[in-house]
Amino acid sequence: MRTVFWEDGQLKMIDQRVLPGRFEILSFKDHKSVAWAIKEMVVRGAPAIGAAAAFGLALAGFESASSSTSDLLADLQAASNTLKSARPTAVNLAWAVERVMGVAAGVGGERSADKVRQLILAEAQRIADEDVEINKRMAEHGAKLINDGDTVIHHCNTGALATVDWGTALGVIRMAHEQGKRVHVLVDETRPRLQGARLTAWELEQYGIPYEIISDNMAGYFLKTGQVQKCFVGSDRTAANGDVANKIGTYMLALAAFDNGVPFYPVVPTSTIDLSLPHGGLIPIEERDPEEVLGLEFHGERIAPKNAKARNIAFDVTPSRLVTAIVTENGVVVPPFEVNLKKAVLGE
Ligand code: MRU
């Protein structure tokens, strides 16, 4: 089943806030509630929020009462700004919205407002369908990097839940498993939202892939003691030089992997590569509500003192010097990333 899908004129999404305790599908009828769902992480993961925003724009088309094409385009523009501002780091969000807006505003003859509504829904559906196909292609490339018997560390959740279906880094692991390789996964729990312990572990159970959850600060131990052969992570935005923005904690994992000579592989659809940014220092980094850090409970009690303050940085940037290779749907890209990422994106 897909994480994000269109059914009966509505956008439906798995509510990722309540997994693994409950499996619930929520329905969305307007773009503002889709923007809310992205912000609150009902839907999360760069490709999944891109697809959700694309369908959100289709909803905005049906919400608009405009009968003239130009009025409809103005309504869509306003909706696209709302959707794009929901979360700043994942470039897929702006990429998907701009792709749909490009179709809405596209050249070629007089088009009725209703025709534009149909075209944007079709484009959103195409983005969703392509995502699944791209993930499977990436998985085929990436699975070649996994040997029978490998133990790998995985950070955050990059599986079917983070995409429309199949997944990026977790999709690589899943493909290797389906090819009959024995793979063991050490799942970083991924504080503070625990995407690893909650979502990745839940997915690995469904696929029958052996795993153990580790707290994020255990990764260095396992890397140093020779118990890990590779690290696989996703990315929310990768700069032209191969610097990779991903879930907070990825940088520390990459440092420990590098220090211990363990290959570190981001798995990155080309829609996540932002060639307009020469380096990762320019990637906007989301800071979220400190309550996500402070509100965690242990044995039914809040972990922090009542008046404690906290910071909640949601992503960090791993410099490309720590990256062994980047897996894309167009192949495994090796350094120099400045040259080779561009080729992978532009198909040169
Ligand atoms: O804050 P999240 O859960 O949306 O962060 C998700 C990640 O960091 C993933 O690794 C990234 O989106 C790539 S997954 C396909």
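The values are calculated or read from the model by the stated rules, or taken from the named source; none is laboratory data. For clarity, every value in this text was computed on a predicted model and none was experimentally measured. So basically every Cβ, Gly included, is an ideal-geometry build from the backbone, and we count neighbours across all protein chains shown. Areas reflect the complete protein model, heavy atoms only, side chains present, ligands, DNA and RNA absent. Shrake-Rupley method; radii C 1.70, N 1.55, O 1.52, S 1.80 Å.
In order along the stretch 183-196, the phi-based Karplus estimate (6.51 cos²θ - 1.76 cosθ + 1.60, θ = phi - 60°) of 3J(HN,Hα) comes to 10, 10, 10, 8, 9, 4, 5, 6, 6, x, 8, 6, 4, x Hz; Gly and Pro are listed as x. Between Ser276 and Ala74, full extension at 0.36 nm per residue minus the direct alpha carbon distance yields a gain of 70.1 nm. Using the Cβ atoms and a cut-off under 12 Å, what net charge is assigned to the surroundings of Leu186, where Lys and Arg are +1 and Asp and Glu are -1? Surrounding charge for Leu186 is -4.
Springs between Cα atoms under 10 Å define the GNM used for the chain, and in it the highest mean-square fluctuation of His31, His299, His184 occurs at His299.
Comparing Gln206, Gln125, Gln229 in a Gaussian network model of the chain (Cα springs below 10 Å), the most mobile by mean-square fluctuation is Gln206.
Length gained on full extension, Glu140 to Arg311: 57.7 nm, using 0.36 nm per residue less the C-alpha separation.
For the stretch 196-255, a/c is not less than 1.5, where a ≥ b ≥ c are the root eigenvalues of the C-alpha gyration tensor, and a/b does not top b/c. That puts it in the oblate class. The share of accessible area on the stretch 243-340 that comes from carbon and sulfur is 58 percent, using a 1.4 angstrom probe. Taking all protein chains together and a 1.4 Å probe, the residues Tyr265, Tyr251, Tyr221, Tyr207 rank Tyr221, Tyr251, Tyr207, Tyr265 from largest to smallest accessible area. Stretching Asn260 away from Leu296 to a fully extended chain increases their span by 9.8 nm, per 0.36 nm per residue minus the current alpha-carbon distance.
Could you tell me which of rounded, prolate or oblate describes the stretch 292-348, using a ≥ b ≥ c as the square roots of the eigenvalues of the alpha-carbon gyration tensor, with rounded for a/c under 1.5 and, failing that, prolate when a/b is larger than b/c and oblate otherwise? Judged from the Cα gyration tensor, the stretch 292-348 comes out prolate (a/c at least 1.5, a/b above b/c). Average accessible surface for the stretch 4-135: 40 Å² per residue, computed with a 1.4 Å probe over protein heavy atoms with every protein chain in place. Averaging 1/r over each pair of different alpha-carbon atoms in the chain and inverting the result gives 20.5 Å, the Kirkwood hydrodynamic radius.
Applying a DSSP loop filter and a limit of 14 other Cβ atoms within 10 Å to the trypsin sites (Lys or Arg not before Pro) in the stretch 264-348 leaves Lys306, Lys309, Arg311. Going by Cα centres, the stretch 89-107 and the stretch 142-171 are how many Å apart? Result: 27 Å between the Cα centres.
Helical runs assigned H by DSSP (4 residues or longer) give the chain a calculated mean residue ellipticity at 222 nm of -12000 deg cm²/dmol, each run adding -39500 (n - 2.57) before division by the residue total. Helix 113-143: angle to the longest alpha-carbon principal axis of the chain, degrees 0 to 90, nearest 10? Approximately 20 degrees, to the nearest 10.
Counting heavy atoms of the protein chains alone, Thr168 has an accessible area of about 10 Å² for a 1.4 Å probe. Between the helical axis of 337-346 and the longest alpha-carbon principal axis of the chain there is an angle of about 40 degrees. Our summary gives the chain a relative contact order of 15 percent, counting only alpha carbon pairs under 8 angstrom and 6 or more residues apart.
Just checking the listed ones, Ala128, Ala78, Ala201: in the Gaussian network model of the chain with Cα springs under 10 Å, the one fluctuating most is Ala78. Taking every DSSP beta bridge that has both ends in the chain, the antiparallel portion is near 55%. Per-residue surface analysis assigns Ile213 an accessible area of about 80 Å², computed on protein heavy atoms at 1.4 Å probe radius.
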